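**Student:** Input: one structure, supplied below.
The values are calculated or read from the model by the stated rules, or taken from the named source; none is laboratory data. Because the structure is a prediction, the values reported are computed rather than measured. Every residue, glycine as well, gets a Cβ built from its backbone with ideal geometry; the counts of neighbours run over all protein chains shown. Just the protein is used for accessible areas: all its heavy atoms, side chains included, with ligands, DNA and RNA removed. Shrake-Rupley method; radii C 1.70, N 1.55, O 1.52, S 1.80 Å.
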Amino acid sequence: MELLKQAIRNRGNVLSNQVLKVDSFLNHQVDTKLMAEVGKEFARLFQSDGITKVLTIESSGIAPSFLAATVLDVPLIFARKKKSLTMTDDVYVSQVYSFTKQETNDITVSKNFLSAKDNVLIIDDFLANGQAALGLIDIVKQANANVAGLGIVIEKSFQDGRQRLLDLGYRVESLARIHSLENGNVTFVDELASIK
Ligand code: 5GP
């Protein structure tokens, strides 16, 4: 998605060969117009798949998921990273190791909001090693629901999350695929042919 790639190029900061900071439009300040376009693109990609729920994880997954769920006309659920005092319902729980925070958190979703009838589109901001995605998939499976596919805003293709998910048979739609962050430069997968 060209608009997103431009934002990454112009407004992203490469913190290391592994980590990209995008808190000016996605992870802290939110560019709502860009996130609306991102959400619409996810909705377009999954429009024929009979999606009944969009599932993401707080907090950075919510902005790009919002328009996807709006256009698909289905509810948006975000998994919680901290159990809320008001969350007295039965919950599905999965453990997720955070790539950026280097700690393991329980993520939870109320059993009221996912059931065996659901066909779920999972959306997240980044795909690195796939831990967040696998945690969300685990929650969908606990509900005996179906994973229709995964929508990822920024995939770091040099890490193994995508391959892990493909090996498990899941459809992965990433709107920007980063080949490398080496030497402070962002190279996208679809630019490789033109560089050579
Ligand atoms: P994974 O679970 O696939 O290893 O990592 C994905 C999660 O870690 C995302 O939900 C995102 O919050 C965070 N993450 C992974 N890599 C990056 C990165 O380069 N930049 C930012 N801002 N977050 C990342």
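**Student:** Please list, ordered by first then second residue, the pairs with beta carbon atoms under 6 Å, 6 or more apart or interchain, first in segment 115-137 and assigned to a helix (DSSP H, G or I), second near the ligand (Cβ under 8 Å from one of its atoms) and open to solvent by 30 Å² or more (accessible area, probe 1.4 Å).
**Tutor:** Qualifying pairs under 6 Å: 131/97.
**Student:** Can I ask one more? Please go through segment 149-179 and give me each residue that is assigned to a strand (DSSP E or B) and open to solvent by 20 Å² or more (accessible area, probe 1.4 Å), ordered by number.
**Tutor:** In the first step, residues of segment 149-179 are kept if they are assigned to a strand (DSSP E or B); the result is 149-156, 172-179.
Selection gives 173, 174, 177, 179.
**Student:** Right, something else. Just the residues that are in contact (Cβ under 8 Å) with a residue 40 or more places away in the chain and of a type in the set (Phe, Trp, Tyr), please, taken from segment 149-193.
**Tutor:** Matches in segment 149-193: 188 only.
**Student:** A further question follows. Of all residues in segment 1-13, which are in contact (Cβ under 8 Å) with a residue 24 or more places away in the chain, open to solvent by 40 Å² or more (accessible area, probe 1.4 Å) and under 18 Å from residue 179 (Cβ atoms)?
**Tutor:** If we filter segment 1-13 for residues that are in contact (Cβ under 8 Å) with a residue 24 or more places away in the chain, which is where we start, we get 1, 3-5, 7-9, 12.
Going one step further and asking which of them are open to solvent by 40 Å² or more (accessible area, probe 1.4 Å), we end up with 1, 3, 9.
Listed by number, the residues that qualify are 1, 9.
Residue-by-condition table, conditions (1) within 16 Å of the ligand (Cβ to nearest atom); (2) part of a loop (DSSP other than H, G, I, E, B):
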| site | (1), (2) |
| --- | --- |
| 3 | no, no |
| 18 | yes, yes |
| 24 | yes, yes |
| 37 | no, no |
| 44 | no, no |
| 55 | yes, no |
| 96 | yes, no |
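**Student:** In segment 133-153, which residue that is within 11 Å of the ligand (Cβ to nearest atom) and under 8 Å from the mean Cα position of the chain (by Cα) is nearest to residue 107 (Cα to Cα)? Steps first, please.
**Tutor:** Going residue by residue through segment 133-153, those that are within 11 Å of the ligand (Cβ to nearest atom) are 133-136, 150, 152-153.
Going one step further and asking which of them are under 8 Å from the mean Cα position of the chain (by Cα), we end up with 133, 150, 152-153.
Values: 133: 11, 150: 18, 152: 18, 153: 20 Å.
In this case the residue turns out to be 133.
**Student:** Identify the single condition in (1) within 11 Å of the ligand (Cβ to nearest atom); (2) surrounded by 18 or more Cβ atoms within 10 Å (Cβ to Cβ); (3) more than 22 Å from residue 159 (Cα to Cα) that residue 28 does not satisfy, given that it satisfies every other one.
**Tutor:** Exception for residue 28: condition (2).
**Student:** Filter segment 121-148 down to residues that are open to solvent by 50 Å² or more (accessible area, probe 1.4 Å) and of a type in the set (D, E, K, R) and give me whichever is farthest from residue 35 (Cα to Cα).
**Tutor:** Checked segment 121-148; the qualifying residue farthest from residue 35 (Cα to Cα) is 141.
**Student:** List the pairs whose first member sits in segment 58-72 and is among the hydroxyl-bearing types (Ser, Thr, Tyr), whose second member is part of a loop (DSSP other than H, G, I, E, B), and whose Cβ atoms are under 6 Å apart, counting only residues at least 6 apart or on separate chains?
**Tutor:** Taking only residues 6 or more apart or on different chains, the pairs are 60/27.
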